[in-house]
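This report refers to the structure that appears directly beneath it.
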Amino acid sequence: MRAGIEDRLLAGVRALGSVAVAFSGGVDSALVLAAAVRALPAGRVLAAIADSPSLARAELVAAREIAAGLAVELAEVPVAELAVPGYRDNAGDRCYFCKQTVLTAIGELAHRRGFAHVATGTHADDHRALHRPGLRAARELQVVEPLAAAGLGKSDVRALAAAWSLPVADKPSAPCLASRISAGVPVSIGRLGLVERAEIAVRARLAEAGIRPRDLRVRLLGEGFRVELDAPAHAAAGAG
């Protein structure tokens, strides 16, 4: 079964001719990037990461390492989501304004550099979600989705990433910092920085207790915070 999935994905990417991959450092976009490296000639592949206050610095460092490991140029594209009222308002459709801003910037870069397409790591399971406003922005901008087009769901993505020995094969999802801010609470550079510092501080405190969570998020609520941990880390913290 894996061979068929792999063949479909590589054939679809090869047909693009050249591609700029909207890269986050997560497993989905990393698999698209790795497929492009396998399917296309050198110089026909570019990784592009949107750099803004909503991107945790640790995620940017990790993305640089993955791109370097794949021997792909990583373009760090400055974006200004906070200049967009719909993004700042965070009224429930923030992701639409984010993706519109990010993918427009990456599309402009791709056009300047002569890449025929912009690709994202959207997979088939994403299209089954009830509320994904970012997908609407991608459709409007005619962004391609090689994983979804090849019929890959999340389990397929992880299985193929592991088969290709990608270091992020089992990496938990790491949405942007703005996703930690509850809908209805306006997004600001101060709040984004607060969330990032809080997550660093919680990780450090847990490490002192010998707990190293695989997945940790600090949610900024209307009033106060909520810390979310993966189940083993939560159990270890409760036992402590």
ask   = Does the stretch 20-28 include one or more residues that are assigned to a helix (DSSP H, G or I) and either over 27 Å from residue 218 (Cα atoms) or over 11 Å from the mean Cα position of the chain (by Cα) (or both)?
value = no
remark   = Selection from the stretch 113-149 of residues in contact with an Asp or Glu (Cβ under 8 Å, 6 or more places away or on another chain) and not in a helix (DSSP H, G or I) yields 119, 120, 121, 122, 123, 132
message = Against the definition (open to solvent by less than 20 Å² (accessible area, probe 1.4 Å) and either assigned to a strand (DSSP E or B) or touching a residue at least 12 places away in the same chain (Cβ under 8 Å) (or both)), how does residue 110 come out, yes or no?
response = yes
inquiry  = Could you go through the stretch 37-55 and let me know if any residue there is among the acidic types (Asp, Glu), assigned to a helix (DSSP H, G or I) and over 23 Å from residue 161 (Cβ atoms).
reply    = no
query = Which one is nearest to residue 91 (Cα to Cα) among residues in the stretch 163-174 that are of a type outside the set (A, V, I, L, M, F, W, C) and in contact (Cβ under 8 Å) with a residue 12 or more places away in the chain?
reply = 173
task = Find the residue count for the stretch 55-104, including only residues that are touching a strand residue (DSSP E or B) at 6+ places or on another chain (Cβ under 9 Å), of a type in the set (S, T, N, Q) and within 30 Å of residue 41 (Cα to Cα).
result = 1
request  = Please find, within the stretch 211-240, the residue that is most open to solvent (accessible area, probe 1.4 Å) out of those that are aliphatic (A, V, I, L, M) and in contact with a Pro (Cβ under 7 Å, 6 or more places away or on another chain).
outcome  = 229
ask   = Does residue 129 meet the test of being modelled with pLDDT of 95 or more and of a type in the set (A, V, I, L, M, F, W, C)?
value = no
request  = Would you mind finding the one in 156, 215, 170 that is farther than 28 Å from residue 109 by Cβ and in the same structural domain as residue 126 (by the TED database)?
outcome  = 156
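Return the only residue of 73, 65 being in the same structural domain as residue 149 (by the TED database), in contact with a helix residue (DSSP H, G or I) (Cβ under 8 Å, 6 or more places away or on another chain), exposed (fewer than 15 other Cβ atoms within 10 Å of the Cβ) and modelled with pLDDT of 95 or more.
Exactly one of 73, 65 is in the same structural domain as residue 149 (by the TED database), in contact with a helix residue (DSSP H, G or I) (Cβ under 8 Å, 6 or more places away or on another chain), exposed (fewer than 15 other Cβ atoms within 10 Å of the Cβ) and modelled with pLDDT of 95 or more, namely 73.
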Selection count, the stretch 172-210, where residues are farther than 19 Å from residue 82 by Cβ and open to solvent by 40 Å² or more (accessible area, probe 1.4 Å) = 10
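The values are calculated or read from the model by the stated rules, or taken from the named source; none is laboratory data. As the structure is a computational prediction, the values presented were derived from the model and not from experiment. In this analysis, Cβ positions are derived from the backbone assuming ideal geometry, glycine residues included, and neighbour counts consider all displayed protein chains. The area values use the complete protein model at the heavy-atom level, side chains included, leaving out ligands, DNA and RNA. Shrake-Rupley method; radii C 1.70, N 1.55, O 1.52, S 1.80 Å.
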